[in-house]
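Read through the structure below, which is laid out as structure tokens, and then see the notes.
We did not get these values from a lab; they are worked out from the coordinates using the rules stated. Note that the structure is a prediction, hence the values are computed from the model and not measured. Positions of Cβ are backbone-derived with ideal geometry, glycine not excepted, and every protein chain shown enters the neighbour counts.
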2 protein chains.
Amino acid sequence: MQRITITPCQIHEDRIAFTAEQHHYLTRVIRLRPGGQFQAIDGNGRCYLAEISSELSPRTAVGTAQIVQIIATSVGGANRELPQPMVLICALPKGNNFDELVRACTELGVTTILPAISDRTLLNPSPQKLQRWRKIAQEAAEQSERLVIPIIEEPQALKTIFDGLTDLAHKYLCEARGEYPHLLTSLQSTQLIDLPIIIAIGPEGGWTDGEIQLAIEHGFQLVSLGSRILRTITAPIVALSIVTAAIEQGHSYR
Amino acid sequence: MQRITITPCQIHEDRIAFTAEQHHYLTRVIRLRPGGQFQAIDGNGRCYLAEISSELSPRTAVGTAQIVQIIATSVGGANRELPQPMVLICALPKGNNFDELVRACTELGVTTILPAISDRTLLNPSPQKLQRWRKIAQEAAEQSERLVIPIIEEPQALKTIFDGLTDLAHKYLCEARGEYPHLLTSLQSTQLIDLPIIIAIGPEGGWTDGEIQLAIEHGFQLVSLGSRILRTITAPIVALSIVTAAIEQGHSYR
């Protein structure tokens with residue numbers, strides 16, 4: 001069934017009011033007729049089964065849909081979300097690689113991405129880039145049948161990001177140099193219940209000593225992702241793969 | 001220090017004979033002079049420190065280098081290789097995505113990639129594609145400072161691949177549908193010493209029932225990568241991240 005993404009403020013009682021873009025999409029592109037059903041996700045973990053209202057036609061400017069049913073935090077019976085928030089702090093890599101990183105991390109269940117301007121980050125991306133990443137996150141969430149669309153914040157200085165973090169979280173800074181325990185070992189020696197898991201991944205060239213010190217002061221544990229050299233676009237995927245596996249390993253899946 | 005990749009047959013006693021391409025690269029592109037040093041890896045786990053011979057000049061057609069030292073299975077003191085082979089059987093995805101998959105899996109330490117033609121694989125790639133993947137694997141191995149260049153076999157039917165596998169291996173077939181234990185759980189409940197770890201990842205749409213049956217007959221365990229829907233190009237990266245973490249988690253890294 002077709003799925004669209006809405007914002008919670010589009011819901012008025014038991015109806016969904018479309019934007020002009022959604023109206024065009026539903027009536028012109030996929031040509032749903034009155035009575036036709038679709039799913040609407042609000043990005044906060046709710047999915048609605050909705051039905052096109054009878055007054056909707058391509059000629060009217062804006063239409064609405066009747067909410068038939070709320071399918072909370074599940075699609076087709078499967079809950080794709082992790083039991084706790086998974087936050088990625090990622091130094092911006094060179095080039096356009098952040099697109100693919102946003103896509104893969106969304107598939108992996110990330111809930112928030114905080115792009116960081118680190119000592120070794122050269123570029124400060126344009127506002128258009130941020131819009132693009134948010135669109136990619138939305139598309140990837142839809143394709144992965146997730147109900148939570150990851151929040152992608154504006155790029156900020158690492159210290160600003162660290163200062164804004166809650167103390168009630170498990171915080172891991174991944175660092176290739178130095179003798180640190182493996183991320184998996186650290187995760188498995190911790191009770192991971194409920195609290196957000198925050199992972200920080202450095203830029204090409206790694207974190208500076210000052211940044212590592214700052215992370216320690218903000219309660220981060222230093223961890224390794226293994227003995228290989230990973231690109232900045234591969235490292236977050238590896239780290240989030242390990243986090244999700246550590247959280248979910250006790251389960252069997254249908 | 002600059003690194004090039006050679007084949008073992010380019011070594012004659014204590015000298016390396018260049019190909020015309022390497023000769024051009026060393027003398028014209030990076031402009032090494034006689035006495036200049038570089039590293040040469042043979043793709044079998046050996047790295048040589050070598051020195052440009054005095055007779056080498058851009059005008060001579062072919063040159064040689066003197067081997068100064070053999071740096072066996074280590075670069076800068078760090079061993080990047082896993083203690084056992086890690087083999088990926090991967091159904092060919094649509095489009096050109098296999099390039100990025102080869103690159104990321106090489107970074108992650110894969111030793112052999114076996115592209116599989118499965119029941120739901122539509123395309124059979126051209127021989128040019130295979131050459132391209134091998135070149136990407138070589139480049140990615142150099143960038144990751146690996147000494148082993150992954151072997152990439154020609155695409156073959158899944159049954160042919162399964163028939164060619166050794167019995168002495170840990171074999172895991174990743175499958176999104178069905179209630180299977182998590183790959184990490186399966187790995188951690190097994191003594192993983194020495195034997196190759198073989199991971200099979202299906203195409204878009206998953207394995208067919210016949211393929212799953214075939215895998216079971218060939219000694220594969222069915223495992224899950226978690227509750228999210230992963231693309232065919234993300235799933236191998238996730239699986240290999242979990243394998244390397246399970247192998248290496250007991251270690252600390254310098």
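Given Cβ point charges of +1 (Lys, Arg) and -1 (Asp, Glu) and nothing else, what value in debye, to the nearest 20, does the dipole of the range A:86-248 about its Cα centre take?
400 debye
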So what's Rg/Rh here for chain A, counting alpha carbon atoms and using the Kirkwood radius for Rh?
-> 1.04
Determine, at each q value in 0.06, 0.13 (inverse angstroms), the log₁₀ of I(q)/I(0) that the Debye formula gives when each Cα of the protein assembly as shown is one equal point scatterer.
-> -0.33, -1.31
Averaged over residues of B:139-149, the number of beta carbons from other chains lying within 10 Å of each residue's Cβ is 1
The aspartates and glutamates whose Cα lies under 14 Å from the Cα of B:Lys129, excluding any fewer than 8 residues away in the same chain, are B:Asp99, B:Glu100, B:Glu153, B:Glu154
Please name which of A:Ile30, A:His170, B:Leu158 has its Cα lying farthest along the dipole of the protein assembly as shown towards the positive end, using unit charges on Cβ (Lys, Arg +1; Asp, Glu -1) and the Cα centre as origin.
-> A:Ile30
Label-point gap, in nm, between A:Arg15 and A:Ile216 - each point 7 angstrom along Cα→Cβ = 6.1 nm
Mind giving me the FRET efficiency for A:Leu168 and B:Arg28? R0 is 41 Å, r the Cβ-Cβ distance, nearest 0.05 is fine.
-> 0.10
Residues with amide H under 5 Å of B:Ile151's amide H, sequence separation 5 or more or different chain, H placed in the peptide plane at 1.01 Å from N; which?
-> B:Thr112, B:Ile113
Can you pull the mean other chain C-beta count within 10 Å for peptide B:182-188?
-> 5
For the range A:145-254, radius of gyration divided by Kirkwood radius, i.e. Rg to Rh on alpha-carbons | 0.95
Prolate/oblate/rounded label for the range A:114-189 (Cα gyration tensor, a/c 1.5) = oblate
Chain B, closest residue to the rotation axis toward A, by beta-carbon, whole angstrom | B:Ser241, 2
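Hey, got the dipole for the protein assembly as shown? About the Cα centre, +1 on K and R Cβ, -1 on D and E Cβ, debye to the nearest 20?
Its charge dipole is roughly 1240 debye.
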Partner lysines whose C-alpha sits under 20 Å from that of A:Lys171, ignoring same-chain residues fewer than 8 away, are A:Lys159
Calc'd 3J(HN,Hα), the range A:43-53, phi into Karplus 6.51 cos²θ - 1.76 cosθ + 1.60 (θ = phi - 60°), Hz, glycine/Pro = x, comes to x, 10, x, 10, 10, 10, 8, 9, 10, 5, 6
Sequence-distant aspartates and glutamates (8 or more away, or on other chains) whose Cα lies within less than 14 Å of B:Lys94 = B:Asp119, B:Glu204
Inter-copy separations for B:Asn79, label at 7 Å along Cα-Cβ, nm, ascending = 4.3
If you keep only loop residues by DSSP, which GluC sites (Glu not before Pro) in the range A:126-212 have at most 11 other Cβ atoms within 10 Å of their Cβ?
-> A:Glu179
Indicate, rounded to the nearest 5 percent, the antiparallel portion of the DSSP beta bridges found entirely in chain A.
-> 40 percent
Give the angle, between 0 and 90 degrees and rounded to the nearest 10, that separates the Cα long axis of helix A:235-248 from the longest principal axis of the Cα atoms of chain A.
-> 80 degrees
Positive-end extreme of charge dipole, the range A:86-248 - chosen from A:Leu88, A:Leu184, A:Thr234 (charges on Cβ) | A:Thr234
The protein assembly as shown - mean residue ellipticity at 222 nm from DSSP helices (-39,500 (n - 2.57) per run, n ≥ 4, rounded to 500) = -7500 deg cm²/dmol
Stick to Cα atoms and the Kirkwood definition of Rh, then tell me Rg/Rh for the range A:3-72.
-> 0.92
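Per residue of A:215-225, count partner chain C-beta atoms within 10 Å of its C-beta, then hand back the mean as an integer.
1
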